[in-house]
1. Rg/Rh for region 1-44 to two decimals, with Rh computed the Kirkwood way over all alpha-carbon pairs.
2. If the chain between Lys36 and His113 were fully stretched, how many nm would it gain, using 0.36 nm times the residue separation less the Cα-Cα distance?
3. Take every Cα pair under 8 Å in the chain that's 6+ residues apart, average their separations, divide by the length, and report that relative contact order as a whole percent.
4. For region 46-154, which trypsin sites (Lys or Arg not before Pro) are in a loop by DSSP, counting at most 13 other Cβ atoms within 10 Å?
5. Which of rounded, prolate or oblate describes region 226-268 when judged by the alpha-carbon gyration tensor and an a/c cut-off of 1.5?
6. Please give the peptides 161-173, 239-251 ranked by average Cβ packing (other Cβ atoms within 10 Å per residue), highest first, as a rough proxy for protection.
7. Take each uninterrupted DSSP H stretch in the chain, measure its Cα extent along the helix axis, and return the ones at 27 Å or beyond whose mean Kyte-Doolittle hydropathy is at least 0.0.
8. Give me the one-decimal nm value for the distance between modelled label points at Asn125 and Arg156, 7 Å along each residue's Cα-to-Cβ direction.
Amino acid sequence: MPSYFITGAARNIGYGFLRQISADPNNTVIVLVRDKPATDTRISAEMSDRKNISVIQGDLTDIQSLKTAVEETSKITGGSLDVLIASAAYTGDYARFDGLGDLDIERLGADMHQHFESNVMGNINLFNLFVPLIRNGNLKKVVAISTGLSDLDLIRKLRIANAAPYSITKAALNMVVAKFHAQYADEGILFMAICPGSVATGNFDNLTPEQETKAGVMFQKFIKYAPHFTGPAPIEDAVKDVLQVVDKATIETNGGILVSHFGNKQFL
């Protein structure tokens, strides 16, 4: 009976992981969300027949809430965890469509700090606190949801200057994954990062005309990189692709690296 712990499961791709993984009644699914009442309500409305879901309130930036989540998870699973999916992330709006050279220095500093606190330190704390449970699990997999925008070659070749704070902190997260791999691979624990591709999460809804123009430029670069690209994929498809890669992943082939939802370096 595999056990899964998913962060950021209240919406978007995190909720997609919750929906698909909990569809198998043999899976025990535990999720961390910032608003437990709202998530409980949504689950009751959409998946009321599923008794294998447990919701814990917490936040990556709140260490005590993470410690509590470990304690509650241990009670549910008997002291072990098979798969940790780190899906929660901070994606601020400030620098989404502009390059570093176009941003106010003070606002950029504050935005970078907020991104780093959640996307880097939050996940370091998450991994450190949950390793004892993962160590006792059977599958022993820790999966960080990253992005192709953190890949140096992709950024260099396509010259994507926007979304720097998000890209930079996700690149740092990739290094976090590599460092944990270096420390725990010999114990049989897989740490890997994966990009789900471009996913239809509503991030490009309700844009201003200027933002639409800048987003269009970025998508033209995506099409040049991947001529088959027709736009963001539905959440359900992205989650399915990611889980297929994770299911097959091993320390030998995936330990400490970033791959795409195809299991390689083709991000779209």
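Every number in this text was worked out from the coordinates using simple rules, so none of it is lab data. Just so it is clear, the structure is predicted and the values come from calculations on it, not from any experiment. Please note: Cβ atoms are built from the backbone with ideal geometry, for glycine as well, and neighbour counts cover all protein chains shown.
1. Over the Cα atoms of region 1-44, Rg/Rh equals 0.94.
2. 25.1 nm
3. That works out to 18 percent.
4. Of the trypsin sites (Lys or Arg not before Pro), the ones in loops of region 46-154 whose Cβ has at most 13 other Cβ atoms within 10 Å are Lys51.
5. On the way: a/c = 3.39, a/b = 1.64, b/c = 2.07.
Note, shape of region 226-268 comes out oblate.
6. The packing order, highest mean first, is 161-173, 239-251.
7. Flagged H segments are 164-184.
8. Output for this residue pair reads 3.5 nm.
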